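Colleague: This is the structure, below, for whatever I ask next.
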Amino acid sequence: MSRSGPAVVATGSAVPATIRTNDDPIFDYLHQYPPPNQDLFEGYVQRRVLAPEEQLVDLMVEAAQAALQKAALTPAEVDLLIGYASISTWEMPNDLTLVATKLGLASTTPIVPVNSEYSNFNHALVMSDALIAAGRATRALVVVGSNWSQYVNYETPPAVSVGDGAGAAVVAASDDPGHLRIRDIASDADPQYLGGMYVAADPTQPPISPQTYASPVFHMNDLGVDAFKTFGMQRPPTLVQEVLARNGLAASDVTFVGHQTSTRLNSAWQTALNPKVFVQTLSTYANMTSASIPVNLDTCADEITTPYVALVGLGPEPSCSVVLLERAVP
């Protein structure tokens, strides 16, 4: 397991200071008029949300600076910035460009937005690893942030689940056997459910007064509910099992760090896979969408005691991605 090559040499994360609890007035409509399928979204005690005057970019910069500090690198030493701001100020360019400016990266540093909700971090790690292995980059900074608390309709069930956050990682060549490095990857999708969950402006719907969210917003229709109950609950643990099997590993060898939507999904995954460690911060951070994996990888580092870590992303197509990491442990 101890070999030279690309590895995750440092991580960082940041969450807003504002705490939103379940009795926040923004949820009054849902408490008064419980909609169908609200039982799919449960397990939250609080969530961190950006205040009206705060920007997602600043969270992403804070997470990136923490990762760079741990890696003992300056922004000038980064030669690839990759990740995603979701949801960006503009459709394009992605706010990742503002992250580069605020960090002070060189103007020659490539900026690569990876729009693959909610597996952005997984895919950015894989691309960083490949580019460094090919000699096309030396030190990659991966940064993913989410501000979905500002882009959900607070009269719909998913709104209760959403929190904001940002996570980062530095990927670089390393001889340290204790650093996490990619062992295997896998992905799968089921296009029969495409269109069940999406983010878009919806001019056909009457405005909500008072306005409690921005446009566009997240939509989840009956097809999306079906995808949640079938693909969402069943495919992530089976895809992890397939990756473990072809590497001769057991669930007892792995720590699970995954997308966190609800205890309905987390409980189903944990029961089906039964990993050695199942990392989650759902009760305190709720669903940080694309940022859940990198934030939990950083903030729960002390819980990760196994030689293998499965990063498990789930997307609204629906899709699933697995990145199997390995390291030497004492």
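The values are calculated or read from the model by the stated rules, or taken from the named source; none is laboratory data. Owing to the predicted nature of the structure, the values given are computational and were not obtained by experimental measurement. Virtual Cβ from ideal backbone geometry, glycine too; neighbours counted across all protein chains shown.
Colleague: Just checking, which of 175, 184, 164 is more than 30 Å from residue 57 (Cβ to Cβ) and modelled with pLDDT of 95 or more?
Modeller: On inspection, the qualifying residue turns out to be 184.
Colleague: With 126, 199, 170 as the choices, which residue is touching a strand residue (DSSP E or B) at 6+ places or on another chain (Cβ under 7 Å), farther than 28 Å from residue 42 by Cβ and surrounded by fewer than 21 Cβ atoms within 10 Å (Cβ to Cβ)?
Modeller: Going through 126, 199, 170 in turn, the sole match is 126.
Colleague: Can you confirm whether residue 301 is closer than 21 Å to residue 38 by Cα, of a type in the set (Gly, Ala, Ser) and in contact (Cβ under 8 Å) with a residue 12 or more places away in the chain?
Modeller: Considered against the rule, which asks whether it is closer than 21 Å to residue 38 by Cα, of a type in the set (Gly, Ala, Ser) and in contact (Cβ under 8 Å) with a residue 12 or more places away in the chain, residue 301 comes out as no.
Colleague: Further, regarding this structure: Output the number of residues of segment 280-303 satisfying the condition of being surrounded by fewer than 20 Cβ atoms within 10 Å (Cβ to Cβ) and outside any helix (DSSP H, G or I).
Modeller: So the count comes out to 2.
Colleague: Could you go through segment 106-129 and let me know if any residue there is closer than 18 Å to residue 181 by Cα, of a type in the set (Phe, Trp, Tyr) and under 20 Å from the mean Cα position of the chain (by Cα).
Modeller: yes
Colleague: Continuing with this model, one more query. Go through the residues of segment 258-271 one by one and say whether even a single one is in contact with a Pro (Cβ under 6 Å, 6 or more places away or on another chain), modelled with pLDDT of 95 or more and assigned by TED's automatic domain parsing to the domain that holds residue 313.
Modeller: yes
Colleague: Turning to a different aspect of this structure: Can you find even one residue in segment 151-159 that is crowded, with 18+ Cβ neighbours inside 10 Å, polar (S, T, N, Q) and under 17 Å from residue 67 (Cα atoms)?
Modeller: Checked segment 151-159: no residue is crowded, with 18+ Cβ neighbours inside 10 Å, polar (S, T, N, Q) and under 17 Å from residue 67 (Cα atoms).
Colleague: Here are 82, 19: which of them is surrounded by fewer than 22 Cβ atoms within 10 Å (Cβ to Cβ), among the aliphatic types (A, V, I, L, M) and either more than 29 Å from residue 198 (Cβ to Cβ) or in contact with a strand residue (DSSP E or B) (Cβ under 6 Å, 6 or more places away or on another chain) (or both)?
Modeller: It is 19.
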